[in-house]
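Right, one structure below, let's go through it.
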Amino acid sequence: MQAVAHRREEPLFRTTVRFGTPLVVAMALGSVFNLVDLFIVAKWKSPEVAVAAVTIGSLVNSIPMIIFNGIVNAMLALIARYHGLGRNKRASVATGQGLILTLLLSLLFGIPPWIFAEPISVALGAKGDVITPATDYLAIMSAGTVTMFLLLTVTGALRAVGNSLVPLILLGGANLFNVILDIWFIFGGFGLPEMGVAGAAWATVVARGIFALAGLALLYRGFLGIKIRRWLWRGQMIRSMLAIGVPSCIQWLVRMAAYLYTLRFVEVAAPKALPHVADAVTNAQAAFGIGLRLDSLALFSGFGWGAAAATLVGQNLGRGRVDRAVRASWIALGLNMAMMCVFAATYVLFADFLLGLMGFDVGVGTAASANADIVHALGRTYLYVASSGFVFLAVAVVLSQALAGAGATKFPLLIEVVAYGAIGYPLTAWAADNAGRFGLRGLWLAAVAIHLAVAIVYVLWFRFGSWARKEIR
């Protein structure tokens, strides 16, 4: 058990590593299994069509997940602060309120994309053979939003009270089971028909649901002092949770919107960058999708250090240990930056190998075609450019989570609205308009520039801002 609550004087570096490492592993496993999921999907019929379809559906479905992280952060901040004060009954109430919001928001965010899956897919660039699988994937994943939200809520509550091993088991188990179901559902067998891309979506929904229920059972039994026997509406606590969570939700929405408008501008830029390629848009979307999946392995692994920072900040502020909260954040940031450098070097040195694993090896394997060569070349360029921004992303991931753990979410929202909205959108649009000169790499360079600017502002605010004086009621 990875408890941190009662080891106040343990060396902070050791505490951060001990608590954060299982979270990093859990997040990394999730991304690894997502890559395996993409690898399996790419083996089903036309790989560029399957990958493009899953990319579009995954990006849209990621919106509610990313937004809901704001509510999870708010719940975590309340639970960690109460736990740090020794008020476990109050922490249990906060968990119950988080679960109420989970159920309500799963309906709010799941129903619209389920109903409008096809027009959403088309609006994001799905064309021809991509439309049907993208629509099916998005509709199924949206209908299963509640399983995703419950798993995030349960693991967030456990992290808040200082346990990082059980979230590792739940998240890792869900992802491993997802891969097993992928093979069965996509290709059929044992009485099930071949479902293709839709099967990948069903596998994810079922796996998440099973392990979310397992986590709920632990909380119901009073695991680590958190007991959720009564789910009564507490207006004041819901308002506190929303006051912290809504700015964080919008912040995550802005981040996700940046990926979505980049996907949209890929559609605009591809014909200009590849004027002699008939399937330029589909190939570019496939390359971008592979790049995003590889990015997610680095980014979501970094969320493990961010989650550690959020918990340690919340608990130490609850005890009045502001100095320890600040130092824990810097330690988590240093660990994440070092890890991101390793990821960046790996992606640059082994880009060809990684793209080959995804089914787009040049002239070899199931995807051997002119399209495979194009996707491979575009994917390699993406990895070379995007990897240079990983260390800047490390800063934003950890410090934004640390601030969320303190309940200070308004200024981070302002940072990201300005950077990714007011500056990032027109900059990316300009890069797309000039794709004939710069190719698709102009889009990737624009993203790296914004990541750098955001990192600088976060460091300055964390160092000189008043976030540590934020009160939570």
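The values are calculated or read from the model by the stated rules, or taken from the named source; none is laboratory data. These numbers come from a predicted model, not from an experiment. All Cβ positions, even for glycine, are placed from backbone atoms using ideal geometry, and neighbour counts span all protein chains on display.
Checking each residue in the range 387-403 for being crowded, with 23+ Cβ neighbours inside 10 Å and hydroxyl-bearing (Ser, Thr, Tyr) picks out Ser387, Ser400. The residue of the range 204-213 that is modelled with the lowest pLDDT, among those that are within 24 Å of Ile40 (Cβ to Cβ) and either β-branched (Val, Ile, Thr) or surrounded by fewer than 16 Cβ atoms within 10 Å (Cβ to Cβ) (or both), is Thr204. Pairs are defined by a Cβ separation below 8 Å, a sequence spacing of at least 6 or placement on different chains, a first member in the range 459-470 that is farther than 16 Å from Leu413 by Cα, and a second member that is part of a helix (DSSP H, G or I) and modelled with pLDDT of 75 or more; the pairs so defined are Ala468/Leu317; Ala468/Val322; Ala468/Ala325; Ala468/Val326. Do we find a residue being surrounded by fewer than 20 Cβ atoms within 10 Å (Cβ to Cβ) and touching a residue at least 40 places away in the same chain (Cβ under 8 Å) anywhere in the range 133-148? Yes, because at least one residue in the range 133-148 is surrounded by fewer than 20 Cβ atoms within 10 Å (Cβ to Cβ) and touching a residue at least 40 places away in the same chain (Cβ under 8 Å). Candidates Arg159, Arg90: the one that is basic (Lys, Arg), in contact with a Leu (Cβ under 8 Å, 6 or more places away or on another chain), closer than 17 Å to Leu78 by Cα and modelled with pLDDT under 95 is Arg159. Of all the residues in the range 313-328, those that are out of contact with any Leu (no Cβ under 7 Å at 6 or more places or on another chain) and in a helix (DSSP H, G or I) number 7.
Does the range 406-420 include one or more residues that are aromatic (Phe, Trp, Tyr) and either under 24 Å from Ser301 (Cα atoms) or at pLDDT below 90 (or both)? Within the range 406-420 (the criterion being aromatic (Phe, Trp, Tyr) and either under 24 Å from Ser301 (Cα atoms) or at pLDDT below 90 (or both)), the answer is yes, since at least one residue qualifies. Whether any residue in the range 367-379 is surrounded by fewer than 17 Cβ atoms within 10 Å (Cβ to Cβ), assigned to a loop (DSSP other than H, G, I, E, B) and of a type in the set (A, V, I, L, M, F, W, C) is what I want to check. Checked the range 367-379: at least one residue is surrounded by fewer than 17 Cβ atoms within 10 Å (Cβ to Cβ), assigned to a loop (DSSP other than H, G, I, E, B) and of a type in the set (A, V, I, L, M, F, W, C).
Within the range 181-199, residues that are at positive phi reach partners that are surrounded by 19 or more Cβ atoms within 10 Å (Cβ to Cβ) and part of a helix (DSSP H, G or I) with beta carbons closer than 7 Å, at six or more positions or on different chains, in the pairs Gly196/Pro133; Gly196/Ile186. Within the set Ala280, Ala298, Ala284, Ala307, the sole residue that is more than 22 Å from His451 (Cβ to Cβ) and aliphatic (A, V, I, L, M) turns out to be Ala280. A residue that is buried (at least 23 other Cβ atoms within 10 Å of the Cβ), modelled with pLDDT under 95 and either in a helix (DSSP H, G or I) or of a type in the set (A, V, I, L, M) (or both) occurs nowhere in the range 337-346. Here Leu349 passes the criteria (1) surrounded by 23 or more Cβ atoms within 10 Å (Cβ to Cβ); (2) more than 19 Å from the chain's Cα centre (by Cα); (3) modelled with pLDDT of 90 or more except the one numbered (1).
Only residues that are assigned to a helix (DSSP H, G or I), without any contact (Cβ under 8 Å) to a residue 60 or more places away in the chain and under 15 Å from Asn316 (Cβ atoms) were counted in the range 70-104, giving 0. Evaluating Met195 against the criteria (1) over 24 Å from Pro22 (Cα atoms); (2) of a type outside the set (Gly, Ala, Ser); (3) not in a loop (DSSP other than H, G, I, E, B) leaves one unmet condition, (3). Screening Phe13, Phe39, Phe33 for residues that are at pLDDT below 85, among the hydrophobic types (A, V, I, L, M, F, W, C) and surrounded by fewer than 20 Cβ atoms within 10 Å (Cβ to Cβ) leaves exactly one candidate, Phe39.
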